[in-house]
Amino acid sequence: MENLELNPSSLATICNHIDKSHSQLSQFLSKQVCWNQQDRRCILECLAQVLLEKDYTLLIARHLRPLVLDLLERNAERVKRNGRINHDLHERLCVALSKLLWISPDAQAFAARYFSDAPPVFQRLFFTSEEASTVQYGPRRMKLRDLMAATLRFLKSDCGKFEKLWDWSPCVSQLLMSDVLVRGYTAHCLALVTRMTDNQKNIFLSKLLTSDEILAFEEAQQMTIEKALVLANQGSSFGRKEKKHIQGQLISEDLSQNVVAICGIVLPVRGQKQTEKVNERDMVLVDSTCLNLKRLALAVASQKPVLLEGPIGCGKTALVEFMATVTGHTESSKILKVQLGDQTDSKVRNLIRNKNMIENENDNNYLKI
């Protein structure tokens, strides 16, 4: 059972900044005894809801960086609950997710998975008047300017992916909106999608916005983006088995079923989360093993390729197999093992490389090590 640090001082800072509608967090913070499992799960659900508040998204990410993926997965479950899209929550999740793209590799990988079967950020533009009347929005409904700003952030993060993923034709009509920010964000989006040069974009914008409107739009975009957020959870217990947990600590069972904590690093799970018994049987988590696992988990969370070096029998393959097992990559076909040496023919090497390229194009669920 792995413990993750949830610093009460971080919760106190969050409680001091958010409005009274989320006072439930303060109630848990005031408890003088250890949180039970229900308390911890309620805290995570409350934090997941606060994450969707556009004014508090970066606040949550700053203080609870290791839990961002878990909170995103919880919200994705709420959006797609009962097999139907909750459009209000979907829009709020899109806006929050777009703000996390530049500071969290978890958010980038999550976005790729989420939008594989979710509508675009600006999905309300596709609604007919009859369909729009059936959609129920809450008191925190996103404005169209928020949605188009989020759309622009997604495009800037990976234009090639999102320009092909979404139908952009409904956005053209937004160029006639009276809201300067809606027109500005939409124009920048279409400029990226159509691959305009800087000169072409400037001409395009000058036809849609006056010089004063362009200045107002640029001023509205000025914001401070937080950087240098660490992936590691410095207060984690490095995966040691702990029968007791104190206030301020979460255990693996508290997390969403779509994520798993490996030495303080939260990673997405493909399929069913593995049980603790499987973990204990497969690997003994001594300090040196936990340190290597943490480094490997950091690289996987950062979407970076990894090269493991070491003598024969030191545990390189076991480390990868353990990581694959706990993250749900249990199919033997997903792990390719090849003994390479001086006798390996160059044609075999090329065959392996080409096979990996084809499989990676056809299946995005590979664990990339």
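The values are calculated or read from the model by the stated rules, or taken from the named source; none is laboratory data. Please read all numbers here as calculations on a predicted model, not as lab measurements. Note: ideal-geometry Cβ built from the backbone for every residue, glycine included; neighbour counts use all protein chains shown.
Details
- Annotation note: of D117, D179, D106, D158, the sole residue that is over 23 Å from the mean Cα position of the chain (by Cα) and of a type in the set (D, E) is D179.
- Of all the numbered requirements in (1) among the charged types (D, E, K, R); (2) in a loop (DSSP other than H, G, I, E, B); (3) within 24 Å of V68 (Cβ to Cβ), K156 misses one, and that requirement is (2).
- Cβ separations smaller than 7 Å between residues 6+ apart or across chains give no pair from the stretch 30-44 residues that are assigned to a helix (DSSP H, G or I) to residues that are at pLDDT 75 or above and small (G, A, S).
- Among the residues making up the stretch 115-132, a single one is among the aromatic types (F, W, Y) and either touching a His at 6+ places or on another chain (Cβ under 9 Å) or free of Cβ contacts under 8 Å to residues at least 40 places away in the same chain (or both): F127.
- Residues in the stretch 167-209 that are assigned to a helix (DSSP H, G or I) and loosely packed, with under 14 Cβ neighbours inside 10 Å: S169, V172, S173, L176, D198, N199, Q200, N202, I203, S206, K207.
- Subset of the stretch 276-297 [of a type in the set (S, T, N, Q) and at pLDDT 80 or above]: S288, T289, N292
- Flag if L47 is surrounded by 20 or more Cβ atoms within 10 Å (Cβ to Cβ), within 11 Å of the chain's Cα centre (by Cα), of a type in the set (A, V, I, L, M, F, W, C) and assigned to a helix (DSSP H, G or I): no
- Filtered by the rule that a residue be hydrophobic (A, V, I, L, M, F, W, C), under 25 Å from P139 (Cβ atoms), outside any helix (DSSP H, G or I) and touching a residue at least 40 places away in the same chain (Cβ under 8 Å), the stretch 54-109 gives a lone residue, L64.
- The one condition in (1) under 20 Å from the mean Cα position of the chain (by Cα); (2) at pLDDT below 80; (3) within 24 Å of C34 (Cβ to Cβ) that K273 fails to fulfil: (3)
- Qualifying positions in the stretch 87-117 - surrounded by fewer than 18 Cβ atoms within 10 Å (Cβ to Cβ) and farther than 21 Å from Y56 by Cα: A112, R113, S116, D117
- Listed conditions (1) in contact with a Cys (Cβ under 7 Å, 6 or more places away or on another chain); (2) at pLDDT 90 or above; (3) polar (S, T, N, Q) are all met by S169, apart from (1).
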